[in-house]
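Enquirer: My questions will all concern the structure given below.
The values are calculated or read from the model by the stated rules, or taken from the named source; none is laboratory data. Note that the structure is a prediction, hence the values are computed from the model and not measured. Cβ sites come from the backbone with ideal geometry, for glycine too, and all protein chains shown count toward neighbours. SASA here: full protein model, heavy atoms, side chains in, ligands and nucleic acids out. Shrake-Rupley method; radii C 1.70, N 1.55, O 1.52, S 1.80 Å.
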Amino acid sequence: MANPNDPALHSWIDIPPHSDFPIQNLPFGVFFTEERGTRVGVAIGEYVLDLYAVSQFGFFRGLDLPTEPKVFRRRSLNSFIRLGRPVWRAVRQRVSQLLRHDNTELRDNEDAMRSCLVRQRDVQMLRPVKPQNYTDFYSSIEHATNVGTMFRDPNNALLPNWRWIPIGYHGRTSSIVASGTDIRRPNGQRKAPDAQVPTFGPSQQLDFELEVSMVVGQGTALGQTVPLSEAEDHIFGLLLFNDWSARDLQSWEYVPLGPFLGKNFGSSVSPWVVTMDALEPFRVEGPRQEPEPLPYLQQSGGAHNFDIQLEVSLAPQGGAETVISRTNYKDMYWSMAQQLTHHASNGCNMEVGDLYASGTISGASPDSYGSMLELTWRGTRPLTLADGSQRKFLQDGDTVIMRGFCQRGPLRIGFGEVRGTVLPAVE
């Protein structure tokens with residue numbers, strides 16, 4: 001059977017050039033229509049392949065899958081993910097086979113075609129997983145250095161523990177929303193540098209954070225740890241993540257316990273989860289880690305990072321998009337495997353569907369920073385948009401759009417996009 005990642009594969013479905021969703025990708029998501037209700041699907045070109053309909057036509061018969069079709073009618077991928085890596089791979093392999101240009105099973109069955117394929121423009125994409133837990137890491141050395149330079153001593157921008165430990169904090173899952181969901185500007189306490197007392201009201205320094213999140217695919221029992229060599233076996237796939245941030249609220253409240261109301265008012269996720277198998281061709285070595293990590297975090301030789309090109313666009317209300325940042329996930333100092341292993345090192349139990357976000361992803365150049373805080377250097381260097389307007393931080397009506405893809409030769413594997421529009425605060 002052909003390798004689903006084979007660059008030579010092509011589908012009988014007409015897939016536009018530079019599509020995020022060629023036959024080599026096949027990411028999983030959850031969609032809704034009035035007629036079908038909620039279904040699990042796979043993205044292919046401009047279509048969604050309805051996996052419940054595929055199962056109803058018997059196309060999964062003979063795969064010896066320990067599942068029933070109802071697993072494809074859930075409001076999240078969690079039940080499917082719990083079936084385990086052998087099932088994920090078997091389903092992706094079978095879908096790849098059905099969509100190949102030389103396979104007639106689905107292509108020449110008009111009833112099945114009508115039932116199994118629906119245009120993406122005709123569906124509502126939902127949040128793909130139901131996370132019980134969410135952790136946000138702080139793993140870009142460029143971002144951490146920029147923030148330390150702005151808020152502390154530029155000569156000692158990184159705190160002493162940063163190069164020894166993947167720093168993270170536990171966030172809130174109830175406010176993690178699907179792409180396209182509007183984000184309400186939060187109210188909160190903030191204190192101006194020259195003020196004697198704080199004030200309460202809408203955040204004046206609303207920001208985005210460009211991140212990539214892993215989706216936990218295999219849980220652990222309380223007290224169980226995960227060796228670094230097994231960490232990636234616990235990851236189902238990756239999605240794009242916008243961790244909205246109110247900088248003025250955050251800077252006032254974060255000492256001594258860290259982020260709280262400045263972060264938990266909203267995070268946005270992209271609808272498609274790109275599997276680890278699909279990302280395999282895009283492995284790269286990460287940056288050199290100095291000093292050498294402690295033994296439990298030491299990675300053996302090989303490529304543990306992934307070459308994912310990322311960009312952020314900002315569109316004012318009624319205006320055109322302006323690309324304001326381009327960067328790459330490959331430069332993350334701490335790999336996702338190290339993040340997961342450290343997270344479980346104290347026996348904290350992981351659960352299927354949990355989200356572990358990378359933290360803000362910033363590159364070395366000013367046009368590759370992953371937040372407004374950095375792009376405008378705390379508001380001192382405003383950005384100019386295509387319509388001539390300027391931004392220090394986000395304004396009401398602004399829409400933030402994040403996109404990501406991997407590219408190697410003609411093969412492109414994309415994540416789609418995650419977008420959200422800022423609404424005025426509730427007075």
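Enquirer: Hey, what did the chain get for relative contact order, percent, Cα under 8 Å, at least 6 apart?
Expert: For the chain, the relative contact order is 20 percent.
Enquirer: Nearest 0.05, what FRET efficiency do Trp164 and Asn349 give at R0 = 25 Å with Cβ-Cβ as r?
Expert: 0.55
Enquirer: How far is the Cα center of region 318-372 from the Cα center of region 18-39, in Å?
Expert: Cα centres, region 318-372 to region 18-39: 24 Å.
Enquirer: While we're on this one: Please get the size of the charge dipole for region 181-230, origin at its Cα centre, with Cβ charges of +1 on Lys and Arg and -1 on Asp and Glu, quoted in debye to the nearest 20.
Expert: Roughly 300 debye, rounded to the nearest 20.
Enquirer: Let me ask you something else. For the chain, report the accessible area per residue in Å² (1.4 Å probe, heavy atoms, rounded to an integer).
Expert: 43 Å²
Enquirer: Evaluate the distance, in nm, between pseudo-label points positioned 7 Å from the Cα of Asp6 and of Thr181 along their respective Cα→Cβ axes.
Expert: So the two model labels end up 4.1 nm from each other.
Enquirer: Comparing Ser213, Ser365, Ser335, which has the greatest mean-square fluctuation in the GNM of the chain with Cα pairs linked when under 10 Å apart?
Expert: Comparing Ser213, Ser365, Ser335 in a Gaussian network model of the chain, the most mobile one is Ser365.
Enquirer: Using a cut-off of 13 Å between beta-carbons, work out the net charge of the residues near His101 (Lys and Arg +1, Asp and Glu -1, His101 not included).
Expert: Result for the local shell: -3.
Enquirer: By the scheme Lys and Arg +1, Asp and Glu -1, what is the net charge of all other residues having a beta-carbon under 9 Å from that of Gln132?
Expert: Overall, the nearby charge balance is -1.
Enquirer: About its Cα centre, what dipole magnitude does the chain give when the only charges are +1 on Lys and Arg Cβ and -1 on Asp and Glu Cβ, stated in debye to the nearest 20?
Expert: 540 debye
Enquirer: A further question follows. So for region 339-395, taking the charge dipole from beta-carbon charges (+1 Lys/Arg, -1 Asp/Glu), which of Ser368, Leu394, Thr380 sits furthest toward the positive end?
Expert: Thr380
Enquirer: So, one more: Express in whole angstrom the spacing between the alpha-carbon centres of region 223-249 and region 46-75.
Expert: 28 Å
Enquirer: Further question on the same structure: For Glu110 paired with Gln224, estimate the spin-label separation in nm (one decimal), with each label point 7 Å from Cα along the Cα-to-Cβ line.
Expert: 5.1 nm
Enquirer: Give the residue from His143, Ile176, Gly188 lying farthest towards the positive end of the charge dipole for region 126-192; charges sit on Cβ (+1 for Lys and Arg, -1 for Asp and Glu) and the dipole is referred to the Cα centre.
Expert: Gly188
Enquirer: For Arg152 and Leu65, calculate 0.36 nm times their separation in residues minus their Cα-Cα distance, and state this gained length in nm to one decimal.
Expert: Contour length minus Cα-Cα distance gives 25.8 nm.
Enquirer: Another question about this same structure. Answer with one residue from Val42, Leu310, Met350: the one whose Cα lies farthest towards the positive end of the charge dipole of the chain, charges on Cβ with Lys, Arg +1 and Asp, Glu -1.
Expert: Met350
Enquirer: Moving on. What's the carbon and sulfur percent of the chain's accessible surface, probe 1.4 angstrom, rounded to a whole number?
Expert: Carbon and sulfur atoms account for 49 percent of the accessible area of the chain.
Enquirer: Now, a different point. Treat every Asp and Glu Cβ in region 169-318 as -1 and every Lys and Arg Cβ as +1, leave all other atoms uncharged, and give the resulting dipole magnitude about the Cα centre to the nearest 20 debye.
Expert: 740 debye
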